[in-house]
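Chemist: Pasting in a structure now, in structure tokens, and then I'll have a few things to ask.
The values are calculated or read from the model by the stated rules, or taken from the named source; none is laboratory data. Note that the structure is a prediction, hence the values are computed from the model and not measured. Backbone-built Cβ (ideal geometry, glycine too); neighbour counts: all protein chains shown. Quick note on the areas: whole protein, heavy atoms, side chains included, nothing else; ligands and nucleic acids left out. Shrake-Rupley method; radii C 1.70, N 1.55, O 1.52, S 1.80 Å.
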Amino acid sequence: MFAMARPIWAQGREKESNLFLRFRCMLPRETRLIRLTASTAYQLMVNGKFISYGPARAGEGYFRVDEWEIAGGDQEFDTEILVAGYYLGCFEYALNPSFLQMEALNGAGEILFATGRDEISAVEYGALLRRVDRFARQRVNCEIYDLRKPDGECRQLCIVDEPMGYLPRRVAPFSNDRYFPAAYLQDMQVEKGKVENAPSPFDHLFLHSPTLPIYTDYECCLFQELKALQFSDSHAARGETELKAGQARLLSYDCCRAGLLEMIIEAEEESEIYLQFDEILVDGDLQSHRFNCVNGMKIIVPAGKHFIRSFEPYTLKYLKISVTKGSVRRILPCILEIAAPKVENVAFQDPELQMIYDAAVNTYRQNATDIFMDCPSRERAGWLCDSFFTGRVEYALTGKNDVEHNFLENYLHTAPFRLISPIGGMLPMCYPSSHDYMDFTGRHDNCYIPNWAMWFVMELEEFIRLRHGDRTLADDLRQKMDALLNGFSAYENEDGLLEDLPGWVFVEWSRANDKDVVCGVNYPTNMLYAGALDAAGRLYQNEKWSLKAEKIRKLIQEKAWNGKWFVDNAIRENGKLKNTKTTTEVCQYYAFYFGIATKDEHKELLSILLEDFGPQRHETNLHPDVHFANAFIGNYLRLDILYREKEYPRMLQEIKGYFSMMARQTGSLWEFDRPSASCCHGFASYVACWLKDLKEKLHL
């Protein structure tokens, strides 16, 4: 995809962690196209104007090539590219040695500039501190800026190893819309207490990575510094007025959005500023580490006017600005949204349904940039299973499947992947990422989720059959599919059911996920296994897989049904399998979703589920022996079953019961049925599919 450009980096430093280089060159005035990629992430500016954040992510060793058109001009183009050399294990990026590769073309397609051929300067970006704690264990380091520090000297650059391959960007440019505060809520006093000199506890939470930097000389422990801030004397905010040392301001945006934080700061003297942000308020205020994140930044500026733009995207509705030293005449914070492009509006007569639909669309856009993400905040990771639902949303809202194509295509390129699993052919649970962060001694056997690989099979089949995806992609993945299903077959017991699967067996966030429930023969997992085999059989016209799926369904019907409920698992007693007494709500939904239970054969069970279960059961507490389902994924399976059964009025009522509170609070939909984790979670946007379809069916 590059005609002449070669990958370059500071000589001998491509495997240093958290090294930011600022590249600069003058491109000829005839330039009309800039083509580039980088190891993890870059920001491109031309003549001081922000052009893009990129590239779109790809599988390990492969890189998507962005192409950006440049308007003509009479002068050379002053071009700056800030590139992150992270090189550390995380969920957000694959682990690759750092590099930049770029070339510029004129209107005729001739190469005017190419890295590795033409002169380009690079300095270490001095203002962004390197030895700091992590934002979250799933992401990279916190951002602490000290604008008193100059950039480093020009670095000697060299050509580094060529990537294994290049891929097209394929997805549309990110939204890049700017959003300013919707309301200034409170001003208050702030005092900085004693700061403990220790890194964030999230730095080493289940992390055992050889690429995890462990510093002995932290320049800033942001988690501890934010924790030391003490607030008092809250009163009505004064808007965009000055903030002096000891003063703080809480403000709000229109809804939960993800993007780069931009800020104009006019400091009367040298000042120290803390930013704290989150998707919700807890007891009317922010918690800087609500869901295992260091939700904040620190900025030190000398006197004068300054512009700051965060390098990484963050997710927030609320922002608190605290000045602990100096005096700041003006601070204007803005979110430069990094989200999928806007989609066509759909109007509902019912304002409550409109609110929920808009929240679902917003949730989709924040989580469907270059891949499908679980959340744009704590992780920005491409999790399977979440993607199964988000893939349906992309096609319903846009009529395209470009993001899903990228997401699935990345799984072609998982070697040399460091995933250790006794299941042959196992796929990463989230990707692109670097999974060398987990402990392979067995103490934390959760570096892969076997269930998620089954959801991958089902998503790929739907991508081809229902969303008219690229059949070549499925053919290219055939070898991986064979290896995966052969790997699972090694764990089939004498009956043909999966038993004691290794790894993190995941059904949903509820009692159904406890170790004593997922062990032995876990029936929901086997229900999913039957669904995956069926999907693979259809996709590759493999009758053997289809027949095995039918056999598994019949076995579960015989063994898991106790006459009233489907039980969750069976364990060995004296060598023989015996059903436990554990019954979960989500197990019943799995049974209907995957064709184990049917309307004709389990009419009474379906009636009980329809009448007695749903959001109101938290108040009625009917059937207390059946453990509650959670949002992910039980409530969604339930709503899909209601949709199949054409229980439309009940479905609309329950959609309001599950999601009105979320949409009203954050303008987005959440990971759980309570605000204890991400409040903008990709799979939750699936609500938009139902509502859009029901609007047409019922003329809502």
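Chemist: Give the value in nm², to one decimal: projected area of the alpha carbon convex hull of the range 97-191, averaged over all directions.
Modeler: Numbers: hull surface 49.0 nm².
That works out to 12.3 nm², a quarter of the Cα hull's surface.
Chemist: Please report, as a whole percent, how much of the solvent-accessible surface of the chain comes from carbon and sulfur atoms (probe radius 1.4 Å).
Modeler: Of all accessible area on the chain, carbon and sulfur atoms account for 48 percent.
Chemist: Let me ask something additional. Hey, can you find the accessible area per residue of the chain for me, probe 1.4 Å, expressed in square angstrom?
Modeler: Counting only protein heavy atoms, the per-residue value for the chain is 37 Å².
Chemist: Starting from 0 in steps of 10 Å, tell me what percent of the Cα-Cα pairs of the range 288-371 lands in each bin.
Modeler: Pairs per bin, as whole percents: 11, 33, 30, 18, 7, 0.
Chemist: With N set to the number of residues, divide the alpha-carbon radius of gyration of the range 131-255 by 2.2 N^0.38 Å and report two decimals.
Modeler: Numbers: Rg = 20.5 Å, N = 125, 2.2 N^0.38 = 13.8 Å.
My calculation over the Cα atoms of the range 131-255 gives 1.49.
Chemist: Going by average Cβ density within 10 Å per residue, which order do the peptides 387-399, 190-202, 633-645 take, highest to lowest? Display every interim value, and only then the final one.
Modeler: Working: 387-399: 22.8, 190-202: 15.1, 633-645: 20.9.
Top of the packing list down: 387-399, 633-645, 190-202.
Chemist: Next up: Residues in the range 595-623, backbone N under 19 Å from the label point at Glu352 (7 Å along the Cα-to-beta-carbon vector): list them, ranges by number please.
Modeler: 611-620
Chemist: Here's another thing I want to ask about it. Pop a pseudo-label 7 angstrom from the Cα along the beta-carbon direction at both Glu558 and Asn292 and give the gap in nm to one decimal.
Modeler: 4.1 nm
Chemist: Taking the 0 to 90 degree range and rounding to the nearest ten, how far is the long axis of helix 351-366 tilted relative to the main principal axis of the chain, both from C-alpha atoms?
Modeler: Tilt of helix 351-366: around 60 degrees.
Chemist: I'm checking a number: the convex hull volume of the Cα atoms of the range 336-432, normalised per residue, in Å³. What is it?
Modeler: Numbers: hull volume 12.4 nm³, N = 97.
Normalising the Cα hull of the range 336-432 by residue number yields 128 Å³.
Chemist: Evaluate the Debye formula for the range 588-635 with equal point scatterers sitting on the alpha carbons, no solvent, and hand back log10 of I(q)/I(0) at q = 0.25, 0.30 Å⁻¹, in q order, two decimals.
Modeler: For the range 588-635 at q = 0.25, 0.30 Å⁻¹, log10 I(q)/I(0) is -1.04, -1.24.
Chemist: Between Asp118 and Arg330, what FRET efficiency comes out of the Förster formula 1/(1 + (r/R0)^6) with R0 = 30 Å and r the beta carbon distance, rounded to 0.05?
Modeler: Numbers: r = 41 Å, r/R0 = 1.36.
Efficiency at R0 = 30 Å is approximately 0.15.
Chemist: Round to the nearest 0.05 the FRET efficiency obtained for Ile111 and Glu604 when R0 = 60 Å and r is the Cβ-Cβ distance.
Modeler: Numbers: r = 71 Å, r/R0 = 1.19.
According to the calculation, E is roughly 0.25.
Chemist: Now for a separate question. Relative contact order of the range 96-227: what whole-number percent is it, with Cα pairs under 8 angstrom and at least 6 residues apart?
Modeler: Relative contact order, the range 96-227: 28 percent.
Chemist: Looking at the range 241-353 from every direction and averaging, what is the projected area of its Cα convex hull in nm²? Mind showing how you got there, number by number?
Modeler: Details: hull surface 35.8 nm².
The orientation-averaged projected area of the Cα hull of the range 241-353 comes to 9.0 nm².
Chemist: What number, in percent, do you get for the relative contact order of the range 583-670 if the mean sequence gap of Cα pairs under 8 Å and at least 6 apart is divided by its residue count?
Modeler: Numbers: 49 pairs, mean separation 31.2, N = 88.
Across the range 583-670, relative contact order equals 35 percent.
Chemist: Cross-link candidates for Lys578: which lysines have Cα within less than 16 Å, leaving aside residues fewer than 8 places away along the same chain?
Modeler: List returned: Lys559.
Chemist: Could you give the angle, 0 to 90 degrees to the nearest 10, between helix 450-465's Cα long axis and the longest principal axis of the Cα atoms of the chain?
Modeler: Around 90 degrees separate the two axes.
Chemist: Another question about this same structure. Kirkwood Rh and Cα-based Rg: tell me the resulting Rg over Rh for the range 506-632, rounded to two decimals.
Modeler: Details: Rg = 15.0 Å, Rh = 15.2 Å.
My calculation of the ratio gives 0.98.
Chemist: Right, something else. Nearest 500 deg cm²/dmol is fine: what mean residue ellipticity at 222 nm does the chain get from its DSSP H runs of n ≥ 4 alone, each adding -39,500 (n - 2.57), divided by its residue count?
Modeler: On the way: 16 runs with 180 residues, N = 700.
That comes out to -8000 deg cm²/dmol.
Chemist: With the convex hull built on the Cα atoms of the chain, state its orientation-averaged projected area in nm².
Modeler: 31.8 nm²
Chemist: Given the range 558-700 reduced to its alpha-carbon atoms as identical point scatterers, what log10 I(q)/I(0) does the Debye formula return at q = 0.09, 0.13, 0.14, 0.22 Å⁻¹?
Modeler: Reported log10 I(q)/I(0), two decimals: -0.31, -0.63, -0.72, -1.44.
Chemist: Find how much the distance from Ser660 to Asp161 grows on full extension, using 0.36 nm per residue of separation minus their present alpha carbon separation; answer in nm with one decimal. Could the numbers behind the result be given before it?
Modeler: Values: separation 499, 0.36 × 499 = 179.64 nm, distance 5.18 nm.
Extending this stretch completely gives an extra 174.5 nm.
Chemist: Here's a follow-up. So which aspartates and glutamates can Lys599 reach, going by Cα to Cα under 16 Å and dropping same-chain residues fewer than 8 places off?
Modeler: Straight-distance partners of Lys599: Glu611, Asp640, Glu645, Glu647.
Chemist: Okay, next question. So how much slack lies between Asp495 and Glu611, counting 0.36 nm per residue of separation and subtracting their Cα-Cα distance, in nm? Numbers along the way, then the final one.
Modeler: Working: separation 116, 0.36 × 116 = 41.76 nm, distance 3.49 nm.
Full extension from Asp495 to Glu611 adds 38.3 nm.
Chemist: Please give the length that would be gained between Asn176 and Val282 if that part of the chain were fully extended, namely 0.36 nm times their separation in residues minus their C-alpha to C-alpha distance (nm, one decimal).
Modeler: On the way: separation 106, 0.36 × 106 = 38.16 nm, distance 2.93 nm.
Taking 0.36 nm per residue and subtracting the Cα distance, the gain is 35.2 nm.
Chemist: If one computes the Cα centroid of the range 370-402 and of the range 81-147, what distance in Å separates the two points?
Modeler: Measuring centre to centre over Cα atoms gives 25 Å.
Chemist: Also: Could you name the aspartates and glutamates whose alpha carbon sits less than 12 Å from that of Lys656, not counting residues in the same chain fewer than 8 places away?
Modeler: Leaving aside aspartates and glutamates fewer than 8 places away in the same chain, those within reach of Lys656 are Asp350, Glu352.
Chemist: Right, something else. Using only Cα atoms, find the angle between the long axis of helix 478-489 and the longest principal axis of the chain, and express it within 0 to 90 degrees, rounded to the nearest 10.
Modeler: Its long axis makes an angle of about 50 degrees.
Chemist: Would you work out the relative contact order for the chain, in percent, from Cα pairs under 8 angstrom that are 6 or more residues apart?
Modeler: Details: 1608 pairs, mean separation 88.9, N = 700.
13 percent.
Chemist: What's the ranking of 145-154, 230-239, 671-680, 562-571 by average number of surrounding C-beta atoms within 10 Å, highest first?
Modeler: On the way: 145-154: 14.2, 230-239: 12.0, 671-680: 21.4, 562-571: 18.9.
With the highest mean Cβ count within 10 Å placed first, the list reads 671-680, 562-571, 145-154, 230-239.
Chemist: Between Glu191 and Glu30, what is the spin-label point distance in nm, taking each point 7 Å from the Cα along the Cα→C-beta axis?
Modeler: Spacing of the two 7 Å Cα→Cβ label points: 6.7 nm.
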